[in-house]
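Laboratory data are not the source of any read-out in this text; all were calculated from the coordinates shown. Here the structure is a predicted model, which is why all the values come from computation and not from measurement. Ideal geometry is used to build each Cβ from the backbone, glycine not excepted, and the neighbour counts take in all protein chains shown.
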């Protein structure tokens, strides 16, 4: 298996876990992320999360409010150098937050790092979506 194949496999695991999160269960994301204090996200929900604790909380926040949905990566481009790799693409997501249906297309960058022979995600960035941020804000007030 080539390094690109390994990253493609890690990406498939990431997006399968993201789909489970959209169904209310963020637990499988814990297996594919590095738990380092330096991991980062800039999700479509807005803000920036630094360190595993904040990243994990952001996934839990979405899982608590979302139901039924799917996210998939299109137009994937992968590049690897040593123990670091990145992928670019466009996420197409359809899901509901507190019963409010949303459809989002977001340009994304995911960065992976090989830890003990396993590719782990260390950064996820997607274009900010006002629709998601607003829906999460309304859901948290309920």
Under 11 Å from the residue 74 label point (7 Å along Cα→beta-carbon), backbone N, the stretch 91-132
91-93, 105-106
Relative contact order (percent) for the chain, with alpha-carbon contacts under 8 angstrom and 6 or more residues of separation?
25 percent
Using Cβ contacts closer than 10 Å as the measure, can you line up 128, 12 from fewest to most?
12, 128
Cα Rg over Rh - the stretch 3-140, Kirkwood:
0.95
Given springs between every Cα pair under 10 Å in a Gaussian network model of the chain, which of 60, 127, 83 has the largest fluctuation?
83
Efficiency of FRET between residue 25 and residue 4 - r from beta-carbon atoms, R0 30 angstrom, step 0.05:
0.55
